[in-house]
Structures are given as C-alpha cells and as structure tokens.
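Report on the structure given below.
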Amino acid sequence: QVQLVESGGGLVQAGGSLRLSCATSRSISLFSSMGWYRQAPGKQRELVATITNSGRTNYADSVKGRFTISGDNARNRVDLQMNSLKSEDTAVYYCNAILVRAYWGQGTQVTVSS
C-alpha cells in the first residue's frame, strides 16, 4: 500500500513563493520516479516536474527556471519549490509516484492572485 500526502498549498500573490511537500509511506528510493502534476479548472492534468530515483529531473517548459523538485530520502518526501509564481500557476497540484503502477495523492490547492 502506497500513500502520498501533499501539503504546502495556499494563496499567494503573483511573484511570491510556495513550497509543496509530498510525504510517502514508503522509501522514495523504491519508486522509479516521483513528481508533481497540476490541473487547472477546465483543463487537463499536466506534468509540472518529475525526479527519478537516480536524481534526474524533468520540468515543463512553463516552469523551468522557476520551480525546483527535490527528493529527501531521510524524510521520505519529495518537495517542489515554486518561485516567481504567476496567476497561470493556479491549480490543484497532485503528487505522483511510480512503482509498477502510478499512485496519486489527494491534491493541494495553489492559488496565485494577480
């Protein structure tokens, strides 16, 4: 059984920062990859950033240079540092983990006011 619990969402002004965390019930090294996706109202869920168990990262073009994904093996969690936030970053952010199949968290709301 894999559980993913997100935290850190909230309301922030444009240009501000937030840090999302995804805590897991298993060691993050077990997962082939973990990542963050987001879904804005009326839009499809999209990839934000991923990190493999070897530390390779991948980012959506829209967040490159602003967001940073990192893994903390000691705390069994993956964080997403979001800087220079824009109104178009407003969405529900979901944690994702791959271990044979995909697992998803419940999501955390991020709202950026302009």
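Data for the structure
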quantity	calculated
The chain: C-alpha pair distances exceeding 24 Å, %	18 percent
Computed over the stretch 1-103: relative contact order in percent, which uses C-alpha pairs under 8 Å that are six or more apart	35 percent
Selected from Ser113, Leu30, Thr57, residue furthest toward positive end of dipole (the chain; charges at beta carbon)	Leu30
HN-Hα J in Hz across the stretch 80-92 - Karplus 6.51, -1.76, 1.60, θ = phi - 60°, x for Gly and Pro	10, 8, 10, 10, 6, 5, 10, 4, 6, 7, 4, 4, 8
Relative contact order computed over the stretch 53-114 (Cα-Cα under 8 Å; 6+ residues apart), in percent	24 percent
The chain - percent of accessible surface contributed by carbon and sulfur, probe 1.4 Å	45 percent
Å² of accessible area per residue within the chain, as computed with a 1.4 Å probe and no ligands counted	53 Å²
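The values are calculated or read from the model by the stated rules, or taken from the named source; none is laboratory data. In this text, all values refer to a predicted model and were calculated from it rather than measured experimentally. As a convention, Cβ positions derive from the backbone with ideal geometry for all residues, glycine included, and neighbour counts pool all protein chains shown. For accessibility, only protein heavy atoms count, side chains too; no ligands or nucleic acids. Shrake-Rupley method; radii C 1.70, N 1.55, O 1.52, S 1.80 Å.
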